[in-house]
Each structure stands twice: as C-alpha cells, then as structure tokens.
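Input: a single structure, listed below in structure tokens.
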Amino acid sequence: MVIIINISDIYIFIPELYLTLTVFILLIYGIFYSTNKYYGYPILSKNFGYLVVITFTYILFLIINTPDFLSTYFPSFFFFNNSLKWIKTIFLLVGICYVFLVISNISLEKLNVFEFFLLFILSILSIFLIISTFDLLSIYISLEMLNLIFYVLATIRRTSEFSTEAGLKYFILGVFSTGLLLFGIALIYGCIGITNFIDLSLFFQSIMKEKSILEIPTDLLLGLVFISTAFFFKLSAAPFHMWSPDVYEGTLTSIITLFIIFTKITIFFLFINLFGTSLFELFNVWQKLTLICAFFSLFLGTFIAFAQTKFKRFLAYSSINHVGFIMIAVSSINYNGFYSLIFYMMIYILINLGIFASLLSLRNFRNYKFNHQIRYISEFTILSKTHPIIAFSILIILFSISGIPPIAGFFTKLIVFLTCLKSSLYSLVIFAITISCLATFYYIRIIKIIYFDNCNVWLIYVPMDKSKAFVLSFSVLLLTFFCLNPNLIINSIYIISTIN
Amino acid sequence: MSSELVLFYCLASIIIVSSYIVISLKNSVFSILFLVLIFLNAAALIMMLETEFLAILFLIVYVGAIAVLFLFVIIILNVKLSEFYYSIGQYILIGSILGIIFLVQTFLILDTNIEFHFLDNIHNLYPEWNFEVYSQSNIEALGSNLYTNYMYVFILAAIILLIAIIGAIVLTIHQRGYVKRQNILNQVSRDFKDSVYYINKIVK
C-alpha cells in the first residue's frame with residue numbers, strides 16, 4: 001500500500017507545520033538554557049514571550065500568503081477556506097495582544113516556568129486545528145489537545161490550593177464532557193458509519209427528502225444530543241455552567257484571560273461548523289437545545305451575578321451571560337446568524353482584552369515588597385482617585401458590556417437581536433432585552449463603587465507597564481470610536497464570515 | 001438458548017454484581033480488586049465480539065495501568081477504611097427513581113434488544129476456512145488503517161502525548177538552585193592524577 005501525501009495538503013498546512021516545528025525548537029532551547037549552569041540557570045519566561053511574538057508575526061505572513069481556495073486536506077480530516085484564513089489571522093493578532101498583556105504579570109505572579117508560553121503556542125496550534133476540523137474523529141483529537149493544555153495551565157501554580165482545586169475540577173468535568181462527546185460520536189458512527197462532515201450532510205439531505213424527522217433512528221438523535229451537550233459543557237452554557245466560576249476563581253488571572261478569550265470563540269466556531277453544515281437538516285432538534293441553553297444562560301448568568309463579591313466569579317457569570325447572547329445568534333438559523341456570532345465574538349474578545357488589562361494591572365502593594373492581585377469588587381472603591389485612567393477604561397468597558405448606545409457593545413446586541421427577529425423568535429428577543437436591562441444594574445453598580453463610594457484607606461498600585469497600557473488603550477479606543485464608522489468593521493466582519 | 005447467550009448473561013451479571021460491590025465496599029483495596037474483575041469480564045465480552053486486539057488493549061490499559069495506579073495511590077495515601085459513613089437509605093429513593101427513569105429512557109431509545117444486537121455479530125460455530133485464511137487479522141486491519149488513512153490523526157495523538165509529557169514535567173519538577181546535583185560529565189572527565197594533590201601546589 002502506497003501512502004500518497006498530497007503536496008497541496010502540506011502547502012495549506014504550512015502555518016501549523018511551522019508552529020509545531022517552532023514548539024520543538026523552543027522546547028530544546030528552553031531546556032538547554034534554563035538548566036545550564038554556565039549561564040546561571042536563567043529565567044526564560046519573558047524571553048519566551050517575545051519569541052512567541054516573533055513566531056506569531058512570521059506565521060501571520062505565512063497565513064496571509066496561503067492560497068485562496070476551498071479545499072479539504074489530509075484525507076478530509078481538515079478543511080480550509082478563505083474565511084478561516086482571516087479568522088486565523090485574528091487569532092494570531094489576539095494572541096500577540098495576549099502576550100503583551102501577560103508578559104509583565106508572569107514575573108509579578110512569579111510564574112517562572114518557560115513552559116507556560118510553550119503551552120500557549122501549543123494551544124494556538126490546537127485552536128487552529130479545531131477551527132479547521134472537518135471530521136468527527138479530528139474534533140475529538142484536537143479538542144482533547146486543547147483541553148489537556150488547559151488542564152495543565154489551570155494547575156500551573158501548583159503550590160496554591162486554589163489553583164490545584166480549580167485544575168482538578170476543570171479536569172474532571174472536562175473529561176466528563178469529553179466522554180459525552182465520544183459517546184455521541186460513537187452513537188452516530190455506530191448508526192450510520194460516517195464521520196466526515198460532507199458525508200454527514202449528504203446523508204441527512206438525502207434522508208430528509210424521503211422521511212420526516214420522526215422516522216430518523218433515535219440513536220442518531222441521541223448522539224446529536226450528547227455531542228451538543230458536550231459542547232455546552234465546554235462553553236459553560238447555563239445548565240452546564242457549574243464548573244466555570246470555581247475554575248475562574250482558582251486559576252491565575254493571566255491564565256484565565258487565555259481561557260476566556262480563546263475557548264469560547266473556538267468552540268462556537270466548531271459548533272457552527274458541525275451543526276451548521278453537516279447536521280443542518282436536523283436543525284429542528286438542535287435549535288431547541290440552543291434555545292433552552294440561551295434562556296437558561298441569560299437568566300442564571302444575570303441573576304447569580306448579583307450575589308457575587310469576587311470580581312473573577314463576577315466575570316465568569318458575565319461570560320455565561322454573553323454565551324446566552326451568542327446562543328441566541330446561533331439559534332436563529334439563518335445566514336446572518338453566523339456573521340452576527342463572529343461580530344459578537346470579536347467585540348467580546350476586545351472587551352475581555354480591556355477588562356483583563358485593567359484587572360491585571362490592579363495589583364496593590366501590601367508592603368514595599370509584596371503585591372497581590374485585587375480579588376473583591378469592594379476593593380474597587382475610589383479607584384477613580386487612585387488610578388483614574390483604569391477607572392475610566394473600566395467605565396467604558398462596563399458600559400460596552402451592558403450595551404449603552406454609542407459604544408460597540410450596543411451594536412453587537414443590536415445585530416444579534418435583528419438576526420433573531422428575522423427568524424421570528426419574538427418572545428426570546430423580548431426576554432433577552434428585559435434581561436439585558438436588568439443586567440445593566442450590576443454593571444452600573446460596579447461603576448458606582450468605583451466613582452461614588454468613599455473609603456479612608458487608599459490603595460497603592462503597581463505602576464502599569466507599557467505593553468499592558470498598549471493593549472488597554474487599543475481595546476478602549478476601538479470600543480469608543482467604533483460608533484464613528486461602524487460600517488467599516490461590520491462590513492469587514494461580514495466579508496470575513498461570508499467569503500468561502 | 002445458545003451457548004453464546006449463556007456466556008453473555010454470565011459475564012454481564014458478574015459485571016453488574018461486582019460493580020455494585022465496588023461502590024458498596026468500605027475497604028478500597030477490595031473494591032479496586034472487584035474493579036479489576038469488571039475489567040476482565042468486559043474484556044471477555046469484547047473477546048466474544050471477535051475483536052481480540054481491543055480486548056487485550058482493554059486489559060493492558062485498564063488492569064495493567066489504571067487499576068495498578070489506583071492501588072498505588074491508595075497504598076501511598078494509606079487510607080485503610082473509607083471515611084464516608086453514609087446511610088444508603090438517604091439516597092435509595094431518589095437514586096432508584098433516577099435510575100429507573102434512565103433505564104426506561106434508554107430502553108425506549110435503543111428500542112431493539114441489546115443482547116440480540118450483540119449476538120448478531122457472532123459468527124456461527126463452524127469456522128469458514130476460506131474466510132479465515134484470506135481475511136486480515138484484527139491487528140493487521142487496525143494497523144493498516146492507522147498508518148494510512150488515519151495517519152494525520154495518529155501524528156496529532158503523538159503531539160498530545162508530547163503535551164502530556166510537558167504538562168507532567170511542569171507540574172511535578174520543582175527545581176531549586178541550592179540542591180547539589182550529580183554532574184556525570186564532571187565525574188567522568190575527572191583525572192585520577194589531579195584528584196589527589198598537595199596543598200602547596202595551589203600555593204605556587
């Protein structure tokens with residue numbers, strides 16, 4: 001038997017290939033230098049951060065110069081099209097922003113292992129694989145790759161009990177959801193013997209012409225329900241959200257940034273790929289599931305967030321609320337749904353970059369030697385006097401999250417509601433609007449704590465470094481001046497999400 | 001009733017009984033031994049489907065690695081008796097209700113009898129020699145598929161193993177600067193002529 005490796009497959013795969021080779025080279029470099037007595041056992045974490053930035057800029061060139069055609073590669077385990085190319089570009093830019101965000105905090109948090117950035121590159125590699133996956137088997141493999149990296153990253157501060165607890169919780173629940181995913185895949189494969197997306201979509205198109213949805217074998221529907229449940233677990237959508245606040249609270253803030261920014265968009269992209277193309281004919285089934293999840297995550301994400309006193313738990317519930325909005329975009333099954341999802345995710349990423357840039361720079365001095373991360377919301381009091389710039393940017397970002405008109409967050413919700421109205425889900429839209437009005441209360445409560453509450457003890461913060469300030473200003477300026485020419489970004493995202 | 005069906009019922013009932021014993025025993029070492037019994041019986045079930053490779057893999061991975069790992073953990077932790085003294089009556093009502101609902105739903109969805117499906121795959125007793133000679137064996141078929149059609153996924157699995165190694169090293173190795181380590185290069189390259197010398201050699 002002769003194995004034929006298509007040259008064009010390798011040609012498309014070059015960015016990922018470069019990423020893998022870089023990982024190997026950086027691994028050898030890190031091990032060699034960090035254990036070298038001659039160089040005095042140097043701490044390479046900052047150095048690795050800049051190397052990651054260089055790597056990503058190279059891959060940016062490689063990705064932009066990849067050919068523009070639609071194809072599946074590696075015997076149809078993965079696929080490639082034009083919109084994927086631009087989404088990969090966005091991921092790389094966000095990755096560079098992320099490195100700038102955390103590069104000073106890893107030394108403040110004493111995270112002196114060079115493997116942190118190595119695992120970060122590997123997670124970007126696995127994200128590339130996930131968003132380009134085209135087969136049920138490669139979904140499992142690439143998702144497992146991402147999850148394994150994230151379990152390690154959640155536990156990376158192994159001396160802290162919070163971190164180990166969070167890592168263990170993440171691991172057990174993540175493995176549970178992966179088990180559900182595998183069981184669903186096994187049911188579908190056992191029933192029809194197909195794993196490829198195109199084959200699945202062809203199969204369902206032909207079967208739906210002849211039969212109604214009630215005549216489809218129930219094993220298949222059960223498999224679909226299991227797979228979507230696994231995805232909801234990974235997205236921490238509401239009935240399956242229990243793990244996410246605990247995990248977010250326990251892990252380091254710089255790593256939580258990675259989880260929040262990258263996982264949601266990746267899994268949503270995969271969800272759209274799988275359910276929007278191959279299982280599209282069964283939308284009667286999975287639309288109901290997404291509607292239920294949207295309802296619950298809007299409801300619980302808003303009302304449980306009222307009770308939170310810690311800022312990271314608050315952010316976790318806020319992200320559950322966001323997932324609810326994105327679920328609305330998913331469940332309105334029309335052509336605009338995908339585009340409004342991508343648009344919402346872009347603004348979501350921007351908001352999170354800004355909010356974590358401000359949270360990461362809020363480290364107050366306990367004495368001249370030690371500083372620690374701010375944890376409670378009540379510690380934000382008189383931030384307007386102690387750190388006015390960050391207070392103002394938190395103000396802008398929270399207004400954006402709650403959807404106050406001139407700022408970008410308003411437009412995302414608007415577009416999601418419009419696409420939802422097009423597929424005539426009126427009651428859901430009314431519910432979502434009411435919920436988002438209620439949710440403004442607790443965002444504005446934080447603004448009130450920052451600007452109007454009084455406190456006699458003034459906290460002293462670690463000065464903000466240049467790279468974090470760059471990311472913060474990038475996010476805040478883009479959110480604020482988005483209203484000047486909203487069509488520019490909206491149209492470009494529309495083009496990205498619709499060219500194939 | 002054919003002999004396969006009798007065998008299936010025997011193995012399946014042993015699995016169910018011993019899985020109850022696993023969760024009901026107080027002594028965790030015994031419960032792990034019963035877990036091994038479950039794995040053995042499940043491997044026998046897989047063997048009945050004539051997929052020998054999967055059965056052996058099941059034994060190697062679960063009995064050889066995971067059960068032994070469990071035993072190690074229990075012996076290292078030195079937990080003789082389980083600390084959870086709970087009464088079963090607390091959970092028996094809600095547990096049985098949930099279990100019955102689950103069973104009913106499962107049998108409604110998988111409406112055909114599971115064991116008849118199971119026995120469909122078993123060939124008749126007399127071996128078809130023609131078939132036996134010219135067909136690939138289990139391992140051959142798996143290997144030829146893994147290394148050709150599924151090659152790329154296989155390579156990705158290798159990268160996952162690399163990540164697991166990196167993760168294990170990050171989470172366990174704690175490097176301290178002040179610990180004295182053995183440097184083999186220095187030891188080997190040491191010359192016996194220079195190792196013992198008078199002090200005044202340095203003074204000069």
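Among the residues of segment A:153-162, which ones are in contact with a Ser or Thr (Cβ under 9 Å, 6 or more places away or on another chain), over 14 Å from residue A:259 (Cα atoms) and assigned to a helix (DSSP H, G or I)? I'd like the intermediate steps shown before the answer.
Taking segment A:153-162 first, the residues in contact with a Ser or Thr (Cβ under 9 Å, 6 or more places away or on another chain) are A:153-158, A:162.
After this cut, where a residue has to be over 14 Å from residue A:259 (Cα atoms) as well, the list is A:157-158, A:162.
Listed by number, the list holds a single entry, A:162.
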Applying the selection to segment B:160-175, what residues are assigned to a helix (DSSP H, G or I) and more than 7 Å from every other protein chain (Cβ to nearest Cβ)?
B:161, B:162, B:165, B:168, B:169, B:172
Quick check, is residue A:48 within 14 Å of another protein chain (Cβ to nearest Cβ) and out of contact with any strand residue (DSSP E or B) (no Cβ under 7 Å at 6 or more places or on another chain)?
yes
Residues A:430, A:435: which one is surrounded by fewer than 14 Cβ atoms within 10 Å (Cβ to Cβ), among the aliphatic types (A, V, I, L, M), within 15 Å of residue A:328 (Cα to Cα) and modelled with pLDDT of 90 or more?
A:430
Check segment A:121-137 and report whether any residue there is surrounded by fewer than 19 Cβ atoms within 10 Å (Cβ to Cβ) and within 9 Å of another protein chain (Cβ to nearest Cβ).
yes
Filtering segment B:68-113 for residues that are surrounded by 11 or more Cβ atoms within 10 Å (Cβ to Cβ), closer than 17 Å to residue A:187 by Cα and modelled with pLDDT under 60 leaves a count of 0
Scanning for something closer than 30 Å to residue B:149 by Cβ, buried (at least 19 other Cβ atoms within 10 Å of the Cβ), within 12 Å of chain B (Cβ to nearest Cβ) and touching a helix residue (DSSP H, G or I) at 6+ places or on another chain (Cβ under 9 Å), does segment A:76-84 turn up at least one residue?
yes
Restricting to segment A:150-174, and then to whatever is away from chain B (no Cβ under 13 Å) and surrounded by fewer than 17 Cβ atoms within 10 Å (Cβ to Cβ), can you tell me which residue is nearest to residue A:255 (Cα to Cα)?
A:162
What are the residue pairs meeting all of these: first residue in segment A:485-500, first residue loosely packed, with under 13 Cβ neighbours inside 10 Å, second residue assigned to a helix (DSSP H, G or I), Cβ atoms under 7 Å, and 6 or more apart or on different chains?
A:500/A:82; A:500/A:83
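Just checking: which of the helices (runs of 4 or more DSSP H) contained wholly in segment A:379-492 hold 3 or more residues that are more than 30 Å from residue A:103 (Cα to Cα)? Show your work before the answer.
Numbers: elements: A:383-386, A:388-402, A:408-422, A:426-451, A:466-480.
Once the helices (runs of 4 or more DSSP H) in segment A:379-492 are filtered for at least 3 residues that are more than 30 Å from residue A:103 (Cα to Cα), what remains is A:408-422, A:426-451.
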How many residues, within segment A:67-95, are at positive phi and of a type in the set (Gly, Ala, Ser)?
1
Apart from one, (1) within 11 Å of chain B (Cβ to nearest Cβ); (2) among the hydroxyl-bearing types (Ser, Thr, Tyr); (3) touching a residue at least 24 places away in the same chain (Cβ under 8 Å) all hold for residue A:253; the odd one out is (1)
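Given the criteria modelled with pLDDT under 90 and aliphatic (A, V, I, L, M), does residue A:404 qualify? Don't jump to the end; show me each part of the working.
Values: modelled with pLDDT under 90: yes; aliphatic (A, V, I, L, M): yes.
So residue A:404 fits the description; yes.
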Give the residues of segment A:430-451 that are out of contact with any Ser or Thr (no Cβ under 8 Å at 6 or more places or on another chain), touching a residue at least 60 places away in the same chain (Cβ under 8 Å) and closer than 14 Å to residue A:324 by Cα, sorted by residue number.
A:431, A:432
In segment A:31-41, how many are in contact with a helix residue (DSSP H, G or I) (Cβ under 7 Å, 6 or more places away or on another chain) and either surrounded by fewer than 12 Cβ atoms within 10 Å (Cβ to Cβ) or under 29 Å from residue A:12 (Cβ atoms) (or both)?
1
Checking residue A:378 against (1) at pLDDT 85 or above; (2) surrounded by fewer than 21 Cβ atoms within 10 Å (Cβ to Cβ); (3) touching a strand residue (DSSP E or B) at 6+ places or on another chain (Cβ under 9 Å), only one condition comes out false. Which one?
(3)
With respect to residue A:189, determine if the residue is more than 10 Å from chain B (Cβ to nearest Cβ), buried (at least 23 other Cβ atoms within 10 Å of the Cβ) and either of a type in the set (A, V, I, L, M, F, W, C) or assigned to a helix (DSSP H, G or I) (or both).
no
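Evaluate segment A:90-107: report whether one residue or more is more than 18 Å from the chain's Cα centre (by Cα), among the aliphatic types (A, V, I, L, M) and more than 13 Å from every other protein chain (Cβ to nearest Cβ). Break it down stepwise before answering.
Initially, segment A:90-107 is screened for residues more than 18 Å from the chain's Cα centre (by Cα), giving A:103-107.
Restricting the remaining residues to those that are among the aliphatic types (A, V, I, L, M) gives A:103, A:106.
Keeping just the survivors that are more than 13 Å from every other protein chain (Cβ to nearest Cβ) gives A:103, A:106.
Yes, some residue in segment A:90-107 is more than 18 Å from the chain's Cα centre (by Cα), among the aliphatic types (A, V, I, L, M) and more than 13 Å from every other protein chain (Cβ to nearest Cβ).
Looking at residue A:194, is it of a type outside the set (Ser, Thr, Tyr), in contact with a helix residue (DSSP H, G or I) (Cβ under 9 Å, 6 or more places away or on another chain), in a loop (DSSP other than H, G, I, E, B) and without any contact (Cβ under 8 Å) to a residue 60 or more places away in the chain?
yes
The values are calculated or read from the model by the stated rules, or taken from the named source; none is laboratory data. Just so it is clear, the model here is predicted, and its values are computed rather than measured. Backbone-built Cβ (ideal geometry, glycine too); neighbour counts: all protein chains shown.
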